[in-house]
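S.K.: Here you go, one structure.
Values in this text are rule-based calculations from the coordinates and carry no lab data. Being a predicted model, the structure only gives us computed values, none of them experimental. No Cβ is skipped: glycine too gets one built from the backbone with ideal geometry, and neighbour counts run over all protein chains shown.
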Amino acid sequence: MALFSRKKSNEPVKIRLHNVHKAFGTKKVLAGVDLEIRTGESLVIIGGSGTGKSVTLKCILGLLTPDSGHVEIDGKNLSTLSHKEHDEAISQIGMLFQSGALFDSLSVWENVAFSLIQNQKMNKQEAKKIAIEKLAQVGLPQSVADSYPADLSGGMRKRVGLARAIATNPNVIFFDEPTTGLDPIMSDVINDLIVSTVKTLGATALTITHDMNSARKIADRIAMLYEGKIIWVGTVKELDKTTNPYVRQFVAGSATGPIDVEVKVA
Ligand SMILES: Nc1ncnc2c1ncn2[C@@H]1O[C@H](COP(=O)(O)OP(=O)(O)OP(=O)(O)O)[C@@H](O)[C@H]1O
Ligand SMILES: [Mg+2]
């Protein structure tokens with residue numbers, strides 16, 4: 001059962017994707033994605049490997065430009081904004097990248113404080129203090145602050161990534177596969193941390209995962225991406241009752257059903 005309140009359907013839309021298309025060469029990845037994420041809501045996108053989940057996130061962040069359609073943040077169409085306005089809209093988003101994406105040459109606290117120092121021009125002493133607070137918030141002791149990413153386990157790196165994502169107290173946080181590569185217990189720890197940090201910040205959250213336990217735990221609503229479109233959106237309760245054969249197959253993790261599973265033999 002999700003820990004978030006479900007009474008968020010009247011909140012204003014924070015992020016909207018309107019008929020977003022994105023192809024790479026002849027490969028169509030997004031083929032008309034429509035999606036609304038309401039303020040304060042935790043929305044989870046599920047879908048198979050290579051279906052375009054990360055591409056969707058990158059289109060919202062402006063790291064990729066949709067071929068057609070558009071993305072709105074706070075009702076503003078990103079493609080019509082000036083460079084400065086665009087940066088402002090994006091700067092309210094914190095991001096936990098799929099790979100963790102820590103800078104190996106920077107210490108843990110410098111990773112966490114990166115945006116505070118680079119974008120907000122905060123002095124190092126103040127930034128380190130905040131970094132240590134954020135590390136504590138994700139359950140890491142001060143002693144970790146001066147170590148380097150290479151010294152940490154996968155679970156600890158995820159926590160550092162999470163501390164970095166929340167360092168600027170963002171209004172919106174994106175989590176790309178936050179539990180991939182972690183054991184089930186550490187996955188659950190990270191899920192709980194996501195729920196508690198998002199709650200503490202009162203943030204809007206968008207998470208991408210193929211881990212259904214994680215989705216169930218952190219989602220107010222779940223959206224499924226398949227063949228370039230959002231084919232289903234609903235609450236966890238609705239997920240368990242749906243008769244949609246694609247959703248049912250994905251949730252059951254079954255190799256048989258309507259979803260085309262490409263199996264490449266090396
Ligand atoms: N910059 C790029 N250039 C070319 N192709 C790309 C690029 N980014 C993504 N793709 C392709 O787009 C498709 C979707 O990629 P994406 O990373 O969004 O998948 P995903 O749903 O996040 O998968 P996974 O669950 O494995 O992370 C893939 O076929 C990928 O190879
Ligand atoms: Mg991905």
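S.K.: Ignoring everything except DSSP H segments at least 4 long, calculate the 222 nm mean residue ellipticity for the chain; use -39,500 (n - 2.57) per segment, divide by total residues, nearest 500.
M.R.: On the way: 10 runs with 94 residues, N = 266.
For the chain, the value works out to -10000 deg cm²/dmol.
S.K.: Between their Cα atoms, which of LYS199/LYS237; LYS134/LYS158; LYS14/LYS121; LYS84/LYS124; LYS58/LYS128 are more than 18 Å away from each other?
M.R.: Working: LYS199/LYS237 21 Å; LYS134/LYS158 13 Å; LYS14/LYS121 27 Å; LYS84/LYS124 25 Å; LYS58/LYS128 29 Å.
Those over the limit are LYS199/LYS237; LYS14/LYS121; LYS84/LYS124; LYS58/LYS128.
S.K.: Still on this structure: I need the phi-derived Karplus couplings for the range 204-215: 6.51 cos²θ - 1.76 cosθ + 1.60, θ = phi - 60°, integer Hz, Gly and Pro marked x.
M.R.: After applying 6.51 cos²θ - 1.76 cosθ + 1.60, I find 8, 10, 10, 10, 10, 7, 10, 8, 5, 4, 5, 4 Hz.
S.K.: While we're looking at this one, here's another question. Using +1 on the beta carbon of Lys and Arg, -1 on that of Asp and Glu, and nothing else charged, what's the dipole of the chain about the Cα centre, debye to 20? Please report the intermediate quantities before stating the final value.
M.R.: Values: 31 positive and 28 negative charges, 64 e Å.
Computed about the Cα centre, the dipole is about 300 debye.
S.K.: Follow-up question, since we're still on this one. May I ask you to derive the relative contact order of the chain, considering only C-alpha pairs under 8 Å and at least 6 residues apart, and to give it as an integer percent? Could you put the intermediate results ahead of the total?
M.R.: Details: 477 pairs, mean separation 68.8, N = 266.
Relative contact order here is 26 percent.
S.K.: What ranking do 103-115, 210-222 get when scored by the average of other Cβ atoms within 10 Å per residue, highest first?
M.R.: Working: 103-115: 19.4, 210-222: 21.6.
Final packing ranking: 210-222, 103-115.
S.K.: Another question about this same structure. Cα centroid distance between the range 234-252 and the range 21-88, in Å?
M.R.: The two parts, judged by their Cα centres, are 24 Å apart.
S.K.: Using the charge dipole of the range 1-122 (Lys, Arg: +1 at Cβ; Asp, Glu: -1 at Cβ; taken about the Cα centre), state which of ILE45, PRO12, MET122 has its Cα farthest towards the positive end.
M.R.: Selected residue: ILE45.
S.K.: Where both partners of a DSSP beta bridge lie in the chain, what percent of those bridges are antiparallel, to the nearest 5?
M.R.: On the way: 21 of 38 bridges.
Among the beta bridges of the chain, antiparallel pairing accounts for roughly 55 percent.
S.K.: Excluding residues fewer than 8 places away in the same chain, name every one of the lysines whose C-alpha is closer than 25 Å to that of LYS241.
M.R.: The qualifying lysines are LYS7, LYS8, LYS53, LYS217, LYS229.
S.K.: Moving on to the next point. For the range 32-45, take each phi angle, set θ = phi - 60°, evaluate the Karplus expression 6.51 cos²θ - 1.76 cosθ + 1.60, and give the result in whole Hz per residue in order, putting x for glycine and proline.
M.R.: Per residue, the Karplus-derived 3J(HN,Hα) values read x, 7, 10, 7, 10, 10, 8, 4, x, 8, 10, 10, 10, 9 Hz.
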